[in-house]
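The values are calculated or read from the model by the stated rules, or taken from the named source; none is laboratory data. From a predicted model like this one, the values you see are computed outputs, not experimental measurements. Heads up, the Cβs are rebuilt from the backbone with ideal geometry, glycines too, and the neighbour counts pull from every protein chain shown. The protein model used for the area step is the full one, side chains on, heavy atoms only, and it has no ligands, DNA or RNA in it. Shrake-Rupley method; radii C 1.70, N 1.55, O 1.52, S 1.80 Å.
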Amino acid sequence: GLSVALEYVDGVFVKGATRGDGTVGEDVTENLKTIKSIPMRINGAPHRLIVRGEVFMPKKSFERLNAVQEELGKALFANPRNAAAGSLRQLDSKIAASRGLDILVFNVQMAEGVEFKTHSESLDYLHDLQFKVVPYDCLSGVTDIKERILAINENREQLTCDIDGA
């Protein structure tokens, strides 16, 4: 998939952009509006809120997309990551909407007037605001962390989307 920033003003989704070159991103607001798991309005949000998430294509959506491509005699997409990135950059938001994209939010970039002591606290806050957040565990100790990383990597094929690893 690809990383995006979602901006809200007074609880209303106003803009979404890719990471771009790290300073200036590509405006993909209209295509992001087609992703059902992105809230368009948030009750109880601060005046200004910016969150970062990963737009991805679930494996089932990727399989459906390639089945349609094959039926139409068109080239198949190489992998879900490229398909998601290309889908989000479509000029026609109807095409993006048809691709079954999803998002997992993983970071608060700005929450005007709100402070967090821990990253997990910020993820809980985002979940309470109705964002779909990355699953996480709070672990301590090198052994527990290594065991969890190994478990994630061993079970990655059962996930609904591809991951690079843990």
Report summary line: Quick count over the range 101-131, residues being among the charged types (D, E, K, R) and buried (at least 17 other Cβ atoms within 10 Å of the Cβ), is 1
Query raised in the report: Name the pairs: first residue in the range 136-161 and open to solvent by less than 100 Å² (accessible area, probe 1.4 Å), second residue at pLDDT below 85 and not in a helix (DSSP H, G or I), Cβ to Cβ under 7 Å, at least 6 apart or on different chains?
Result: Ile149/Ala166; Ile152/Ala166; Asn153/Gly165; Asn153/Ala166; Arg156/Ile163
Report task. Could you tell me which residue of the range 3-14 is most open to solvent (accessible area, probe 1.4 Å), considering only residues that are closer than 19 Å to Gly44 by Cα and among the β-branched types (Val, Ile, Thr)? Result -> Val14
Query raised in the report: Among all residue pairs at least 6 apart or on different chains, which show Cβ distances below 6 Å where the first residue, located in the range 7-18, is free of Cβ contacts under 8 Å to residues at least 24 places away in the same chain and the second is assigned to a strand (DSSP E or B) and charged (D, E, K, R)?
Result: Val14/Glu7; Lys15/Glu7; Ala17/Asp27
Report task. Sort through Ala17, Ala67, Ala75, Ala83 and tell me the only one that's surrounded by 13 or more Cβ atoms within 10 Å (Cβ to Cβ), more than 13 Å from the chain's Cα centre (by Cα) and of a type outside the set (D, E, K, R). Result -> Ala83
Query raised in the report: Taking the range 1-46 as the region of interest, how many residues are touching a Pro at 6+ places or on another chain (Cβ under 8 Å) and closer than 24 Å to Ser61 by Cα?
Result: 1
Query raised in the report: Which residue pairs have Cβ atoms closer than 7 Å, lie 6 or more positions apart in sequence or on different chains, and pair a first residue in the range 63-75 that is of a type in the set (A, V, I, L, M, F, W, C) with a second residue that is surrounded by 13 or more Cβ atoms within 10 Å (Cβ to Cβ)?
Result: Leu65/Phe77; Leu65/Ala83; Leu65/Arg99; Ala75/Gln69
Query - Residue ID - modelled with the lowest pLDDT, chosen from residues in the range 23-58 that are more than 21 Å from Tyr125 (Cβ to Cβ), open to solvent by 30 Å² or more (accessible area, probe 1.4 Å) and not in a loop (DSSP other than H, G, I, E, B) - result: Asp27
